[in-house]
Amino acid sequence: MINKLLLSIGLLTIVRAATAQNWQDIPGTYQVPKDSLVRQKLVKWQDKKFGLFMHWGPYSQWGVAESWTICPDDWVTRSGPYSGNYFEYKKAYENLQTTFNPAKFNPEKWAAAAKEAGMGYVVFTTKHHDGFCMFDSKQTDYKITSAKTPFSANSKSNITKEIFTAFRNNGFMIGAYFSKPDWHNENFWWPYFPPKDHNVNYSPAKFPDRWKKFQDFTFNQIEELMTNYGSVDLLWLDGGWVRPSTIPNDPLNQDIDMPRIAKMATSHQPGLIVVDRTVVGAYENYATPEQEVPEKPLLFPWETCMTMGTQWSYKPNDTYKSSGELIQLLVKIVSRGGNFLLNVGPDATGDWDSVVYSRLKDIGGWMKINGEGINGSVPVAPYSAGNVYFTKSKAKENIYAFWLRDKDHTNLPASINLPINVAKQPKKVRLLGYPKKLKWSYNNGSVTIQIPGSLQTSAFFKYSDTFVLEY
């Protein structure tokens, strides 16, 4: 359960729960950023509401889950001709670099589709846990621009720069996902020892010089992203197990020196939002519930990151969430004060599944009618009642009531009751996308709307209907 607010939201210290897997397991304290530029950018980011996440790398050629198949954690499963021997598998996996050639890569096409869907920011995996860089890092040859990688001959070989530029040109806020652990780097998984799990495979306390080299490597790569790729709004750091230990004299203390990283990053990118996810404190400027929607509003900045399909990276013949399900997730998340970061995985050729484009087009059609109740909104009590979810405009006194359909074209009932808990009567009630007046009445904090027969069965409206109460 989310604990009670300890101080006023304006000053705010909030006790909350956060892990990468289960949002409500471990209590911690949210810290409001001291930098006023960061606070201002957080407000701008919160108004965007809907973002695009992309996990992409050489692993897309196999259609396996990003990075994790080379991790020796005991829950990991592998398949294919190399699966019987871990070391042969890892060698073959890393050799995918030599065949990665996504010739259909067209970030402008992606940016146009995301913009049409009503998205306002993008977060791209510049480097996942496997260590392969989708940017031109000078710190390693395990990268998209290496001569070992066929795509390096392409004029758009610096994929991260191309994506950031295309989306920035379309008005998006730019987010750089970066993995703190690096399973390819010899100073994280030292070849002297076999890897044991997802953690560093030696004791940083016993070998501090080696760990310092990894700290510097990480610092240098992040500085490359902060200085060579234009304006960046979000630094989205994953791998929360790489953090200072709370255990005295812990031999597995994986302190990456976030104060040094954050100082450098914000010096190059003033106002940068830093998301050291699941590491509660000064460098987790917003929280990131993964693959779930909190049951109640959270009184600090947060974002649900969730896959459109069944895994983060590309999977052949994947099963994708329906347009209606995605729209309803967006409504539910926004009604609780969060942002929705929706992930898709490009394939080995450098394009999305056609289903992804279809889903985003459907969402965009709905957003063109209903988006005014999503972007630039804030939560408002009672937040939800049955299948109705509420938001409030920041710019006006309008309250938006989203009536979620259980099927794409469910008929509306003859009347709809909205328990708004507002002790005054609205001046006007209307339905977004419907030009005619509605009959309605107000009684003791509830609005009852009479639905015309033609509107009840109209095929024009689907997924969710948005009633606006103007004050």
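Quick note: the coordinates plus some simple rules give every number you see, no bench work behind them. Quantities reported herein were computed from a predicted structural model and do not represent experimental measurements. We place every Cβ from the backbone using ideal geometry, glycine too, and count neighbours over all the protein chains shown.
Here are some notes:
- Structure note, pairs Lys143/Lys361; Lys212/Lys315; Lys332/Lys424; Lys104/Lys127; Lys41/Lys315: Cα-Cα distances above 29 angstrom occur for Lys143/Lys361; Lys212/Lys315; Lys41/Lys315.
- Ranked Phe460, Phe340, Phe219, criterion: other C-beta atoms within 10 Å, fewest first: Phe460, Phe219, Phe340
- Karplus-derived HN-Hα couplings along segment 200-214 (A = 6.51, B = -1.76, C = 1.60, θ = phi - 60°), whole Hz, x at Gly and Pro: 4, 9, 9, 8, x, 5, 7, 10, x, 5, 5, 5, 4, 4, 5
- Euclidean distance between Cα centres, segment 279-300 to segment 118-159, Å: 28 Å
- Inter-label distance, nm, simple model (7 Å from Cα along the C-beta direction), Tyr471/Arg260: 5.2 nm
- Evaluated over segment 45-123, the Cα radius of gyration and Dmax, each in Å: 16.9, 49
- Here Glu397 and Glu325 are evaluated by their C-beta separation; at R0 = 35 Å the FRET efficiency comes out at 0.65.
- Relative contact order of segment 13-372, defined on C-alpha pairs under 8 angstrom at six or more residues apart (%): 24 percent
- Pairs of Cα atoms nearer than 8 Å and 6+ residues apart set the relative contact order; for segment 377-470 it is 34 percent.
- Within segment 153-183, backbone nitrogen closer than 16 Å to the virtual label 7 Å beyond the Cα of Glu116 toward Cβ: 170
- The Cα atoms of the chain define a convex hull whose projected area, averaged across directions, is 23.2 nm².
- Furthest towards positive pole of dipole, Trp312, Pro419, Gly240, structure part the chain, Cβ charges: Pro419
- Calculated [θ] (222 nm, deg cm²/dmol) that DSSP helices of n ≥ 4 give over the chain, each run adding -39,500 (n - 2.57): -7000 deg cm²/dmol
- For Phe193, Phe100, Phe132, order by how many other beta-carbon atoms lie within 10 Å, fewest first: Phe193, Phe100, Phe132
- In straight-distance terms, cross-link reach from Lys439 covers every one of the aspartates and glutamates whose alpha-carbon lies under 12 Å from its own, apart from those fewer than eight places away in the same chain; here that gives an empty set.
- Table column - 3J(HN,Hα) (Hz), segment 106-121, Karplus curve with 6.51, -1.76, 1.60, x for Gly and Pro: 8, x, 5, 5, 5, 4, 5, 5, 5, 5, 4, 6, x, 6, x, 8
- Mean-position separation - Cα centroids, segment 316-364 and segment 33-85, in angstrom: 15 Å
- Semi-axis lengths, Å, segment 344-429, gyration tensor of Cα atoms, sqrt of 5 times eigenvalues: 32, 17, 11
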